[in-house]
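K.L.:
Provided herewith is a single structure, encoded as structure tokens, for subsequent inquiry.
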Amino acid sequence: ILEAAKNIRTHVTDAVETMTGLEVVEININVLDVHVPGSDDDDESDSGQKKSRVQ
């Protein structure tokens, strides 16, 4: 997770600085969930439909 956050921070910083010409001084990354394949494949929401996950 730490490595992924560092990569995201680097790419976002580069993109914002390239597009705007401004210096990025801070990027905050919050991890809200970690999906482990197979751990919740049978879980369903109240409506009977599976939750969608952003990948």
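The values are calculated or read from the model by the stated rules, or taken from the named source; none is laboratory data. Worth saying up front: this structure is predicted, and the values here are computed from it rather than measured. A quick note on method: Cβ atoms are made from the backbone with ideal geometry, for glycine too, and the neighbour counts reach across all protein chains shown.
K.L.:
I need every pair where a residue in segment 1-24 that is farther than 21 Å from His35 by Cβ has its Cβ under 9 Å from the Cβ of a residue that is surrounded by fewer than 11 Cβ atoms within 10 Å (Cβ to Cβ), sequence separation at least 6 or different chains.
P.N.:
Val16/Leu22; Glu17/Glu23
K.L.:
To continue, here is another question. Only one of (1) exposed (fewer than 11 other Cβ atoms within 10 Å of the Cβ); (2) modelled with pLDDT of 65 or more; (3) among the hydroxyl-bearing types (Ser, Thr, Tyr) fails for Ser45. Which number is that?
P.N.:
For Ser45, the exception is condition (2).
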